[in-house]
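Input: a single structure, listed below in structure tokens.
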Amino acid sequence: MPTQHLAELAWHLFDEAGEDVLLPREHVTDRIHATDGQFERAKGYIRDHMTMEKGKAFLAYRGGYMITTDPAKIAENASLRMRRINTELRRVLSGSINPLGDQVADYEVLAMFQDEIAHMTRTYDRMSKATMTMATPVRAVRPKRRRRAATRA
């Protein structure tokens, strides 16, 4: 079955369940009759194409999947994904490039990778420090409701 069709079936399933409803992987694959590999490709299609079209985020969230517009859930998910990316970048340096030591300078592409990955990890560190101080995602300021003072008799 084409990836696009499976992605549309999956999105329809999430849409029927409702925003912020967590669906386990097995539930989704059973309902759309997809293998794990097909579902992986469908998730990519959803993220690459459907989310912008539909105006909702598609998240792998706490053991399941959902569509949402909730900034707190999106921020939590983005933070977790960025942490994994940062871990992988650090491992590329520590496990592949940095063991060459001074020889890295002899290979232009490796030196470039080393510099750029180091820059990305520093950027992640700055983002991480900034998000630790935020209890909730930034929201638009709404005017406070004024309470009327209780009248005393």
Item to complete: Test each condition in (1) in a helix (DSSP H, G or I); (2) open to solvent by 50 Å² or more (accessible area, probe 1.4 Å) for Gly44 and report the one that comes out false.
Response: (2)
Fill in: Scope segment 47-64; condition surrounded by 12 or more Cβ atoms within 10 Å (Cβ to Cβ), at pLDDT 95 or above and not in a loop (DSSP other than H, G, I, E, B); matching residues
Arg47, His49, Met50, Thr51, Lys54, Ala57, Phe58, Leu59
Worksheet item: For segment 32-41, what are the residues that are in contact with a helix residue (DSSP H, G or I) (Cβ under 9 Å, 6 or more places away or on another chain) and in a helix (DSSP H, G or I)?
Response: Ile32, Asp36, Gln38, Phe39, Arg41
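A quick yes/no check of all residues on (1) more than 20 Å from Pro2 (Cβ to Cβ); (2) touching a residue at least 40 places away in the same chain (Cβ under 8 Å):
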position: Thr29; (1), (2): no, no
position: His33; (1), (2): no, no
position: Lys56; (1), (2): yes, no
position: Thr68; (1), (2): yes, yes
position: Pro71; (1), (2): yes, yes
Practice prompt. Considering every residue within segment 65-74, establish whether at least one is under 22 Å from Glu8 (Cα atoms) and in a helix (DSSP H, G or I).
Written response: yes
Worksheet entry | Residues located in segment 1-16, provided they are open to solvent by 20 Å² or more (accessible area, probe 1.4 Å) and in contact (Cβ under 8 Å) with a residue 40 or more places away in the chain | Thr3, Gln4, Glu8, Asp15
Worksheet, complete the sentence: Those residues of segment 76-100 which are surrounded by 15 or more Cβ atoms within 10 Å (Cβ to Cβ) and free of Cβ contacts under 8 Å to residues at least 24 places away in the same chain amount to Glu76, Asn77, Ala78, Ile97, Asn98
Worksheet item: Only one residue in Gln103, Gln114 is modelled with pLDDT of 95 or more, outside any loop (DSSP other than H, G, I, E, B), open to solvent by less than 60 Å² (accessible area, probe 1.4 Å) and in contact with a Leu (Cβ under 9 Å, 6 or more places away or on another chain). Which one?
Response: Gln114
Worksheet entry | Selection within segment 16-35 - charged (D, E, K, R) and more than 29 Å from Ala72 (Cβ to Cβ) | Asp30
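The values are calculated or read from the model by the stated rules, or taken from the named source; none is laboratory data. What you see is a predicted model; the values in this text were computed from it and never measured. Quick reminder, even Gly has a Cβ in these numbers, built from the backbone with ideal geometry, and neighbours come from all protein chains shown. Just so you know, the surface numbers come from the protein's heavy atoms only, side chains and all, with ligands and any DNA or RNA stripped out. Shrake-Rupley method; radii C 1.70, N 1.55, O 1.52, S 1.80 Å.
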